[in-house]
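Here is the structure we will look at, set down as structure tokens.
The values are calculated or read from the model by the stated rules, or taken from the named source; none is laboratory data. All values derive from a computational prediction rather than experimental measurement. No Cβ is skipped: glycine too gets one built from the backbone with ideal geometry, and neighbour counts run over all protein chains shown. Just the protein is used for accessible areas: all its heavy atoms, side chains included, with ligands, DNA and RNA removed. Shrake-Rupley method; radii C 1.70, N 1.55, O 1.52, S 1.80 Å.
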Amino acid sequence: MQSILIYAPNPLTPPLRDIRDLLRLNGYLVACPDLGGPEDEAIGSLTTAFHSALPDVVLADLTSSRDYLPMLRLGRLMKNVWGDESQMPLRLTILNDHSMVRLDMLSSIDDFILIPFTPEEILVRIRQLLFRRRHVESANELQFADVKVNLVSETAFDSCGAALALRPREFNLLRFLVTHRGKYFTRSRLLDLVWGIEFDGGERTVDIHIRRLRAKLPPSAALLIETHRGLGYRINLSKETR
């Protein structure tokens with residue numbers, strides 16, 4: 001049974017209680033320890049949450065936090081319990097629009113969701129994270145359809161092992177979509193998260209790079225990059241898992 005740790009101010013808000021109940025209904029082991037007290041008490045709560053086992057996923061509510069310090073504290077607590085060499089859980093954070101200004105924090109999490117949301121969206125996002133981890137062949141390589149994305153060499157390979165002729169920005173866009181598969185991103189959001197907030201080009205840039213990606217990827221992979229008017233682009237997880 002996979003375990004989910006909900007990291008949030010206590011007591012839980014009604015939306016988080018709904019999420020907790022839905023996760024349990026779908027077969028996940030869920031714990032909501034109070035980690036806001038003194039460090040020794042927080043370590044004790046964390047240790048007993050899953051009978052000394054490391055959780056598979058951390059769902060962290062950062063909507064009431066001004067910064068990323070709660071996640072830094074959680075990371076320190078986990079290292080105290082399980083050591084520096086342990087593989088850290090997948091991290092899904094709940095953010096508000098104000099949090100998105102601090103794009104630097106996004107490099108330290110695996111995925112995020114903005115308010116408002118439904119419990120069902122959280123459930124889907126957690127399933128996506130777990131799916132992605134199962135399809136990571138090594139710490140430096142991701143599997144996407146019949147394409148392997150090597151994060152060290154920044155190269156994508158087809159099923160025959162041939163390198164795809166992707167330009168650096170095309171590779172960055174593919175890597176972002178693969179690591180956030182299932183979620184739609186608008187053109188403006190992709191510009192911020194892939195090109196950077198200082199990029200002064202227009203949204204047409206995204207359309208051009210998506211078109212180039214589709215042309216360079218194997219057909220089975222290209223078909224998974226979807227466009228939805230008003231929502232943006234995504235990699236369709238449901239088609240990939242069939």
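Numbers below:
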| item | result |
| --- | --- |
| Pair Ile197, Glu121: separation of 7 Å Cα→Cβ label points (nm) | 2.1 |
| Angle in degrees between helix 168-179 and the longest Cα principal axis of the chain, rounded to the nearest 10 | 40 |
| Sulfur and carbon atoms: percent of accessible area, the chain [1.4 Å] | 51 |
| Vicinal HN-Hα couplings computed from phi for the stretch 55-68 (Karplus, 6.51 cos²θ - 1.76 cosθ + 1.60; Hz; Gly/Pro x) | x, 7, 9, 10, 9, 10, 8, 10, 5, 9, 9, 7, 8, 9 |
| Phi-based couplings in Hz for the stretch 185-195 (Karplus 6.51, -1.76, 1.60; Gly and Pro marked x) | 10, 5, 4, 5, 5, 5, 4, 5, 8, 9, 7 |
| Filtered GluC sites (Glu not before Pro), the stretch 1-102: DSSP coil and at most 11 other beta carbons within 10 Å | Glu85 |
| The stretch 104-227: proportion of alpha-carbon pairs further apart than 20 angstrom, % | 46 |
| Cα long-axis angle, helix 119-134 against the chain (0 to 90 degrees, to the nearest 10) | 70 |
| Separation of the Met1 and Asn172 label points, Cα + 7 Å toward Cβ, nm | 4.4 |
| Angle in degrees between helix 204-216 and the longest Cα principal axis of the chain, rounded to the nearest 10 | 80 |
| Separation in nanometres of the label points that stand 7 Å from Cα toward Cβ, at Arg187 and Leu22 | 3.1 |
| Normalised contact order of the chain, rounded percent, pairs of Cα under 8 Å and 6 or more residues apart | 13 |
| Cut-off under 5 Å, modelled amide H: who pairs with Thr155 long-range | Asn150 |
